[in-house]
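All of the numbers you see were taken from the coordinates with simple rules; none came from a lab. Computed from a predicted model, the values in this text were never measured in an experiment. Cβ placement follows ideal geometry from the backbone for every residue including glycine, while neighbour counts extend to all protein chains displayed.
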Amino acid sequence: MPDPWASLAAFYLDDSLSDCNIVFVPKQQVQGSGSGTGTNKGKKRKHSGEGEQLPVLETMPGHRIVLAACSPYFQALFVRWKQGSDQQVTVEYDGPDDLAAAKACIKTLYLQTPPSNEDLSTDAGSVFPLLLKMIDWADLWQAPTCTELCISSLVAQRLDSLCPEHINSMLVQLPESLRSTPLNSKVEGFCLRWLLYTFGDMWVTVTTEAKRAAFCNLCPAAVELWMGSDQLAGVENEVAVLVTLWHAGQQGQAASDASLRHLSELLRVKNLAPSTRVDPLLGLPWFQHNAALKKLIVLAGSGWCLAEVASEDQIEFPPAWFAEPRCGTLRSVSPPLASRCQHVWRISTADFAALINKAKTTTRYQELASSTIFCKGAFFKGALVLRHGNEEGELYLGLSFRTAGDSAYPRPIIQRVKYSMGFEEQGERVTLAKQAAFFDQEGWIEYAKSFAAELIDWEEGVQQPADGFFTFFFIVHMVE
C-alpha cells in the first residue's frame, strides 16, 4: 500500500486498491470490431463497462472513489454499475495526441496539479494542442478543477513560443460551456497579451513581411480582440491599414458579416487622418457603415466635431468611433520614431546611368521608383524623374515624392502631407524641398536644376560617388 495516503496523488497508477481498469481503445477499432458497440455508433467518445470485449491498446488502474470525487460524469457512470462486478472504463480516442491528452487528463484528476510541459511533450509547439484536447476531455468528464488546471498551464506558456494558429485555437476551440465563465476571460487575457507582444507595434507589423503575414493568419476573433485594445502603439490609420490587409487574406475573406460588423464598430473613426475619413474609409471592403456616417464625415471634414454632429442629428454610432486615441507605448526594441519618419534610398551608379541613357533615346520622361514607404499610417513612393527641357538634348533631373497605395489598401483621392526630401553628398544632407503639399492621385513632383548639377555633368556623364551609390532621403513630418 502506498505511504502516505495523504493525497489523491498516492493512488495514481497504484493497483493495490484499484477497483476498475481504465482501457484506452482507438475509435476506429471499436467501430470495426463488432463487439457490442453498435448502439454507440456516431458518438465522439464512449465510456462503458459491464464486461464488453473491446480491442485494447493500453490500460491503467483506476479507483472509483477518486474518479467519482473529481468528476460527476464518472460518479453517474459508477452508480449505474452492478455492485461487485468486475468493471472497466473504456475510453475511445481519435489518435496518438488524443490518447496522450486523455491519459494526461486522468493524471491531472489524480495529482490535482497543472500538467507540465514534460508531461505532455518535449516539443513546446505541440503542448498547446494537447492542452486544448485535455480541456475537451475535462469538459466531457465534467471535471471543472481539471479544466482550471489545464487553462492555468495554457496561460503559463512563454509568449515567444506561440504562433497565430495557437491563438486561433484558444479563441475558437474552447468548449461552449466555458464561454461565459471567468476561465474564458482568463484565456482571452492571455491571448491579448500575445497579440500586443507580437502586433502591438503597428508600424513594425505593416513593414515587416513575416509579422504582416502572421497577422493575416489570425482568425476574426483574434483580430477583434486586438482591435479592441487601448494598448496598440501607433496611429489609427495603421489600424485601418492592417485590418484591410488582413481582410484581403484567407482568414479575412472567410469572415462572416457579423465579424466584419464587429470590427467596423471598433475602429476609432474620430482619430483617423481627415483624408482617410473622407475617401478610403467608406470604400474599404470590410468596413460596414450606413448613409448617416457619410454625412457625418463630410460635415466633420468641413470643421465640425464628429461627436457634435452625431449629437445634433440624434444619430447613434458605436462608442469606439468617438473614443480617445490609443495609448500603447513602443517597446525598447522597436525602431525609434525618428527612423520611422524617413526613408533612405540608395541607387547604384549603373542604374543611375541607365536611366539617363534611356532618357536620351526617347522624348518621354523616364522614372526610377523607390520601394513603398509606409509612414504615419500612409503609403508613399519616391522616384527619380528625368524629363526633356525646351531645347534639344536638354534634360532636367527631379526627385519625386507621392502618395501610394498597397495591393489591398487604396490610395487616397487627396492627402495633405508635410515632407522634405533631398540627397546626400559626402556624408552631408542637401535638402531640395521642405514643404506641405496636397497630393492628388498623380502625386507631387519636385524638379530642381541645381540638383542635377550636383550629380550629373551632362557632357561627361554621371558623377562617381565614393561608394558607388547615390543616396536620397525622404522625411514625412505630418499626414492629414
Checklist entry - With θ set to phi - 60° and the Karplus curve 6.51 cos²θ - 1.76 cosθ + 1.60, what are the ³J(HN,Hα) couplings of region 12-17 in order, to the nearest whole Hz, using x for Gly and Pro? => result 4, 6, 8, 9, 5, 10
Checklist outcome for this item: Taking placed amide H atoms and a strict 5 Å upper bound, the residues 5 or more places from Glu425 or on another chain that come that close are Val430
Checklist entry - Tell me, how many Å apart are the Cα centres for region 182-199 and for region 363-399? => result 46 Å
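May I ask which of Lys133/Lys186; Lys211/Lys434; Lys358/Lys434; Lys360/Lys418; Lys270/Lys418 have a Cα-Cα span longer than 24 Å here?
Table pairs above 24 Å Cα-Cα are Lys211/Lys434; Lys358/Lys434; Lys360/Lys418.
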Next on the checklist: Please list 3J(HN,Hα) in residue order for region 167-176, calculated via the Karplus relation 6.51 cos²θ - 1.76 cosθ + 1.60 where θ = phi - 60°; whole Hz, with x for glycine and proline.
Outcome noted: 5, 4, 5, 5, 7, 10, 9, 4, x, 4
Checklist entry - ³J(HN,Hα) across region 270-283 via Karplus (A = 6.51, B = -1.76, C = 1.60, θ = phi - 60°), whole Hz, x for Gly/Pro? => result 4, 9, 6, 4, x, 5, 6, 5, 6, 10, x, 3, 5, x
Item to check | Amide H partners (placed H, <5 Å) of Phe379, local residues excluded | outcome: Ala404
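Counting Lys and Arg as +1 and Asp and Glu as -1, what is the net charge of the other residues whose Cβ lies under 14 Å from the Cβ of Thr207? Intermediate results must be reported in sequence, preceding the final value.
Working: positive: Lys211, Arg212, Arg340, Lys376; negative: Asp201, Glu209, Glu238, Asp406.
Neighbour charge sum, excluding Thr207 itself: 0.
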Item to check | Residues with amide H under 5 Å from that of Val91, placed H, sequence gap 5 or more | outcome: Val23, Phe24, Val25
